[in-house]
Structures are given as structure tokens and as C-alpha cells.
1. Any idea which of 67, 5, 14, 79 is free of Cβ contacts under 8 Å to residues at least 24 places away in the same chain, part of a helix (DSSP H, G or I) and out of contact with any strand residue (DSSP E or B) (no Cβ under 8 Å at 6 or more places or on another chain)?
2. Checking residue 25 against (1) buried (at least 20 other Cβ atoms within 10 Å of the Cβ); (2) farther than 18 Å from residue 91 by Cα, only one condition comes out false. Which one?
3. Among the listed residues 107, 98, which satisfies the condition of being within 16 Å of the chain's Cα centre (by Cα), farther than 15 Å from residue 10 by Cβ and modelled with pLDDT under 95?
4. How do the pairs read when you match residues in the stretch 90-106 that are on the phi > 0 side of the Ramachandran plot with residues anywhere that are loosely packed, with under 12 Cβ neighbours inside 10 Å and modelled with pLDDT under 95, using Cβ under 9 Å and keeping only pairs 6 or more apart or on different chains?
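The values are calculated or read from the model by the stated rules, or taken from the named source; none is laboratory data. As the structure is a prediction and not an experimental result, all values here were calculated from the model. Cβ sites come from the backbone with ideal geometry, for glycine too, and all protein chains shown count toward neighbours.
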């Protein structure tokens, strides 16, 4: 369960790197506009906001990746803390998206699904390890 949870957390980080690219790098291009359903004028008018928002997604991905790396390097407490903080924030952001824009519930599920599964698996694995150690 632990490894599967970390793999799902890594997948969630990858999704958030892709979202970063859509928002910060490709926002005004055809791919970014298609993903978010904006016109060229709307994309240009919101470019600075999207650029900033994209970096929030990148920072969440970096937080999770750092946690996975620390876990692998033998620092499970710090690693788990970073992974759970990052994935928890991803789930919260997905919930905000689903509640604020019901038409984007599918995108919210893509954003929040893998990190939620990672949290459930990691939490179960860590609780089991703590029970065995205690």
C-alpha cells in the first residue's frame, strides 16, 4: 500500500506539472485555450493570473516530489509530511474547483482523484506501520 500510495502521489505531481504548463506556458496558445475554453482575447486578458496560478500547481508538485524523494532516502516522517501536505492541498484545490465551477467537475476529479487515493493508501499504510511499531 505504501508504494502504491507514493506512486499515486507521483502521478498527482505529474498531473500538476502538466497543469502548470497549461496555465503558465501554454495559456494563450491553442492548447491552453482549448483546455480552458477561452477565446484569444480572454486568454490574453487573464494571462498574468493564469501564469501565477500555474506556479501554485508547480509548487504543489515540487512539495510532493520532495516528499517522495525524502521517503526513498530513508526519512519517512519528513517525506510523509511533505507528501500529505502537497496531496492534501491538491485535493482541496480540486474541491474548490468542483464547487465553484460545476461544469469543470471532470477536471476537478482528474486534479483531486489521484492525490485523494494517495492520501488514503499512505494513511492506511502509515497507520498500520505505527500500530505494528507501537
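1. 79
2. (1)
3. After applying the criteria, what remains is 107.
4. Once the first residue is on the phi > 0 side of the Ramachandran plot and sits in the stretch 90-106, no partner that is loosely packed, with under 12 Cβ neighbours inside 10 Å and modelled with pLDDT under 95 comes close enough.
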